[in-house]
Amino acid sequence: MTDIIIVGAGWAGCAAAVAAAKQGARVKLLERTDMILGTGLAGGILRNNGRLTAALELEAMGGADLFAALEPTLRHRNISFPGHDHADLYDIALAPGAVLDCLKRWGVTLRTQTRITGISMSADKTSIESVTDSHGNTYAADAFLDATGTAGPTANCARYGNGCSMCILRCPSFGGRVSLAALAGVRELEARRPDGTHGAMSGSCKLMKESLAPDLVRRLNETGVAVIPVPPGLREDHLSLKACQQYALPEFAENLVLLDSGHAKMMAPFFPLDKLRRIPGLENARYEDPYAGGKGNSVRFLAMCPRDGDLKVNGPDNLYCAGEKAGPLVGHTEAMVTGTLAGYNCAAVISGKPPLILPRSLASGEAIAWTGEEMRTPDGLSRKYTFSGGCLFERMKSLGLYRTSAGEIRGEVRALGLEDVFSEPAG
């Protein structure tokens, strides 16, 4: 007995599952690998720059369950690093367990190692009736949500990157990503780099903290941040490749910026190991993710869905999307915002209620609306959008949407009639 099937248990899929379950829907969450959170397993940063605004908006609207779940896992609070303020760093080893507890609390059924490879459409091809996994199991529901992300499979990393870098997505082990929207016949969109090639490379790596010099480990444990100057002869210019354009700043080309997320999060898409080990303090450095981080990283934004402001995909009438499927949106907060809205709307629509479109007077609403518009243009597909930097953060500031006062934001949400909207069943 399932109302909603969500494919992909990254941050977007997990947020969608919780939001739909809070509306009373019976939710089944299907994950290709044996772990939840996807690229969030290599993440670690919350609330930096405009992400604080979005997080406070989500909290005021009653949709901050995953943020609350992460609170006990935070290693550092309210830190700064180049170009970023008031950031929190969560422990990537503890985050999956905290989110699993949240999913269980809301009665979400999770199936891992379940790679969806087939689909059954209605006779008139206007809706999805069921999906089938690689083991031949079939899952029927009233509504479906694609949160499969946009990275992989291995062939895409070979075509648009430097080959498989053995990243946290582990395509060779569990099979590459399969897009639910593509199975349903949706023509997906690909991001473009400034040089005209497709996709973008994931922007950070993980180093084993134990492989670093003791003084670096101490600095990371105490402050959460270490900025290490890179000698000019060892510098790598990867800024134009990065999915995370909020880090495409000179400071990230001239230095290695390390953040403490349990491992040492290195804010570079990759860095040749022989060069890395010539930098003082990193003589014994070892990559944790991707394992071949000296070679490259995963390539993303190759399978985005054309969609509306309520995050319904332009295609089957019972298919929604969230996370990177909803556009070139970068980050966990962005995934949680789109996931919460998409999950809520799935549940609302199958219960006969109108879907919710967030107003553009909120940073979250502006991000969803503007990114949807930008995706329809060639120039828009060459940019990446995040609350924490780049063009979206600049737009937030120019429109007066960058706010850091919880009280002010809650007052705005209340005035819009959206306070705790995600906490109660629709209607």
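Quick look at the values:
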item: Stokes-Einstein diffusion coefficient of the chain, Kirkwood radius over Cα pairs, 4 °C, 1.567 mPa s, in µm²/s; result: 61
item: FRET efficiency, 1/(1 + (r/R0)^6) with R0 22 Å, evaluated for HIS135 and LYS104 via beta carbons; result: 0.40
item: Estimated 222 nm signal from helices in the chain, with DSSP H stretches of n ≥ 4 weighted -39500 (n - 2.57), rounded to 500; result: -8000 deg cm²/dmol
item: Between segment 388-421 and segment 300-338, the alpha-carbon center distance in angstrom; result: 21
item: FRET efficiency for ASP274 and ALA213, using Cβ-Cβ distance with R0 set to 25 Å, rounded to 0.05; result: 0.90
item: Positive-end residue of GLY372, PRO280, VAL337, charge dipole of segment 280-377 with Cβ unit charges; result: GLY372
item: Distance between modelled label sites at ILE357 and ASN78, nm, 7 Å Cα→Cβ extension; result: 3.9
item: Cα-projected label distance for GLU251 with ASN221, points at 7 Å along beta-carbon direction, nm; result: 2.5
item: Helix 50-60 vs. the chain, principal-axis angle (Cα, 0 to 90°, nearest 10); result: 40
item: Most positive-pole-ward Cα, ALA87, MET121, SER134, against dipole of segment 55-155 from beta carbon charges; result: SER134
item: Environment charge of PRO328, counting only residues whose C-beta is closer than 9 Å and scoring Lys/Arg +1, Asp/Glu -1; result: +1
item: Filtered trypsin sites (Lys or Arg not before Pro), segment 64-144: DSSP coil and at most 12 other beta carbons within 10 Å; result: LYS125
item: Helix 406-415 vs. the chain, principal-axis angle (Cα, 0 to 90°, nearest 10); result: 20
item: Whole-number accessible area per residue in Å² for segment 371-427, which is evaluated in the context of all protein chains at 1.4 Å; result: 49
item: Cβ-based net charge around ASN48, under 13 Å, with every Lys or Arg adding one and every Asp or Glu removing one; result: +1
item: Scaled radius of gyration (Cα, divided by 2.2 N^0.38 Å) that segment 345-421 gives; result: 1.26
item: Ellipsoid equivalent to segment 109-218 - semi-axes via the Cα gyration tensor, in Å; result: 34, 20, 12
item: Lysines with Cα under 29 Å of LYS209, excluding same-chain neighbours fewer than 8 positions away; result: LYS242, LYS265, LYS275, LYS295
item: Computed E for SER398/ASP85 - FRET, C-beta separation, R0 22 angstrom, nearest 0.05; result: 0.75
item: Percent accessible area from carbon and sulfur atoms, segment 246-356, protein chains only, probe 1.4 Å; result: 50
item: On Cα atoms only, tilt of 214-223 relative to the major axis of the chain in degrees; result: 40
item: Segment 49-139 - percent of accessible surface contributed by carbon and sulfur, probe 1.4 Å; result: 46
item: Lys/Arg +1, Asp/Glu -1 at C-beta; the chain dipole; positive extreme among LEU74, PRO355, ALA25; result: LEU74
item: Nearest-20 debye value, segment 65-128 charge dipole, Cβ charges on Lys, Arg, Asp, Glu; result: 320
item: Net dipole in debye of the chain [+1 Lys, Arg Cβ; -1 Asp, Glu Cβ; about Cα centre; nearest 20]; result: 680
item: Share of carbon and sulfur in the accessible heavy-atom surface of segment 360-405 [1.4 Å probe, %]; result: 50
item: Centroid-to-centroid separation of segment 253-297 and segment 192-216 [C-alpha atoms, Å]; result: 7
item: Residue-normalised accessible area of segment 5-63, expressed per residue, 1.4 Å probe, Å²; result: 16
item: DSSP beta bridges in the chain [antiparallel fraction, %, rounded to 5]; result: 65
item: Cβ-defined net charge surrounding GLY293, 10 Å radius [Lys, Arg +1; Asp, Glu -1]; result: +1
item: Gain upon complete extension [ALA369, MET35; 0.36 nm per residue less C-alpha separation]; result: 117.1 nm
item: Per residue, in Å², the accessible surface of segment 117-245 once ligands and nucleic acids are set aside, probe 1.4 Å; result: 45
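The values are calculated or read from the model by the stated rules, or taken from the named source; none is laboratory data. This is a predicted model, so every value here is computed, not measured. With ideal geometry, Cβ positions are generated from the backbone for all residues, glycine too; neighbour counts draw on all protein chains shown. Calculation scope for accessible area: heavy atoms of the full protein, side chains included, ligands and nucleic acids excluded. Shrake-Rupley method; radii C 1.70, N 1.55, O 1.52, S 1.80 Å.
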